[in-house]
Amino acid sequence: MAYRVAITGPESTGKTSLVRQLAELYDTAYVPEYAREYLDKNGMNYGYEDVLKMARGQMELERQMLARANQVLLSDTELINYKIWLAHRGWEVPSWITDHIRSSRYDLYLLTDIDLPWVADGQRANPNDRELLFYRFQEELDAIEADYAIISGQGALRLDNAISTIEEYLKL
């Protein structure tokens, strides 16, 4: 069984770049962010039910990729992101999301710091809420008593910090 490591945090904090670099380094599978694919296909005019579909899609992608993992499975985001997204929009968070977060807790979470500049990409919508959202991620991780580390630094330093954290935690 593979260790499960989630790269999570506010938008535009380098999660996708980090997960791809780590997957290459560890020669393993990673779970892409399902919401990106969904929004590319369906557009940015989404509603509550769309976010729930994206959350379910994220869960299914993880299930599929777990079978392909080599010692560690890396996830580019996870359901805490969807919980915060729903709450930030003022929408109800269904109990199945909260239940899944608690029952399927990752072995380790890498919470990406907001020390990178925000970059618009057509899907990002919260350039002024990054600090607030970062603290919400911390609160959610604390609430489930998750093992997590804040990953900061620019460029190679950010990757080195992530590698050190993973290797120390998983004793790789």
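Descriptive notes on the structure:
- Sorted by Cβ density within 10 Å, fewest first, the residues Thr165, Thr112, Thr16: Thr16, Thr165, Thr112
- Charge dipole (debye, nearest 20) of the stretch 3-170; +1 at Cβ of Lys and Arg, -1 at Cβ of Asp and Glu: 420
- Choice from Gly90, Gly153, Gly57 showing the highest fluctuation, given a GNM over the chain with Cα pairs closer than 10 Å: Gly90
- Length gained on full extension, Ser103 to Ala143, computed as 0.36 nm times the residue gap minus the Cα-Cα distance: 13.1 nm.
- Reducing the stretch 1-44 and the stretch 61-120 to their Cα centroids gives an inter-centroid distance of 9 Å.
- To the nearest ten degrees, helix 156-170 and the longest principal axis of the Cα atoms of the chain are 70 degrees apart.
- Distance between the modelled labels on Glu60 and Asn42, one decimal in nanometres: 1.1 nm (7 Å Cα→Cβ projection).
- Over the chain, relative contact order from alpha-carbon pairs under 8 Å, at least 6 apart, %: 33
- Lys41, Lys15, Lys53 arranged by Cβ crowding within 10 Å, fewest neighbours leading: Lys41, Lys53, Lys15
Throughout, read-outs are computed from the coordinates displayed, never taken from laboratory work. Computed from a predicted structure; not experimentally measured. Reconstructed Cβ throughout: ideal geometry from the backbone, glycine too, with neighbour counts over all protein chains shown.
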